[in-house]
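Colleague: Got a structure here, written out as structure tokens. Questions coming.
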Amino acid sequence: MEFTSILFYVFSAVLVLASLQVITTKNPVHAALFLVLAFFNAAGIWMLLKAEFLSIVLVLVYVGAVMVLFLFVVMMLDINLDKLRAGFWSHFPVAALVGVVVVLEMSAVLWKGFLRPDNHVPVAADQIGNTKYLGNMIFTQYTYAFEVAAAILLLAIVAAVALTLRRRKDVRFVDPADAVKVKRSDRVRIISMKPDTEARQTAHQGE
């Protein structure tokens, strides 16, 4: 058995165990951490399959951004675990049926690939690397689709900022334009005062 095959079985076993812990553990923070572990092992499997771009995207997007957001939301909210697990066993038969169907579909696809192993990867990808070949395809053959996707993402970012940027009366707001125009004389004012000697003499006499 090759070393890559051993790594594949190790990553797969840890991935299955971490996935089971995600749906069986009672603590939501622990479930999110087990999901991070599952993502890392899935990224390792993608790396073994020579899909470096998908592996890096899985770590950067899901582990680095999505799961951090999940952890913040879970830790900030007061989640009642009893209400969440109230209907677990009532929905278990339907969930188990859906899971079995998904497993059978994936098994059929994989078994068909094992019976007729066809190499669908272009020869150029083996010569220059998977990530570089994907970049060449995006900026040559799929340039229009890539630009449309970038425009949609930019529109989503602008819309999210516009929805969250609100002028509220109970929140202090600083205008950057006004802050730049402020001078030193507007912030600091020096007042010259005469020393109050009479008050000090009265205090000494009282002592």
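Every number here is computed from the coordinates shown, using simple stated rules; none is lab data. What you see is a predicted model, and the numbers here were worked out from it, not measured in a lab. Neighbour counts are summed over all protein chains in view; Cβ atoms, including those assigned to glycine, are modelled from backbone coordinates with ideal geometry.
Colleague: Taking the mean number of other Cβ atoms within 10 Å as a proxy for protection, how do you rank 134-141, 89-96 from highest to lowest? Mind dumping the intermediate values first?
Modeller: Numbers: 134-141: 12.4, 89-96: 9.2.
Ranking, from highest mean packing down: 134-141, 89-96.
Colleague: While we're here: Which shape class, rounded, prolate or oblate, goes with segment 1-77 when its Cα gyration tensor gives a ≥ b ≥ c as root eigenvalues, a/c under 1.5 marks rounded, and past that a/b bigger than b/c marks prolate?
Modeller: Since a/c reaches 1.5 but b/c is at least a/b, the shape of segment 1-77 is classed as oblate.
Colleague: Highest mean first, how do 30-40, 60-70, 152-162 rank when packing is the count of other Cβ atoms within 10 Å averaged over residues? Walk me through the numbers before you get to the answer.
Modeller: Details: 30-40: 18.4, 60-70: 13.6, 152-162: 9.8.
Result, highest mean first: 30-40, 60-70, 152-162.
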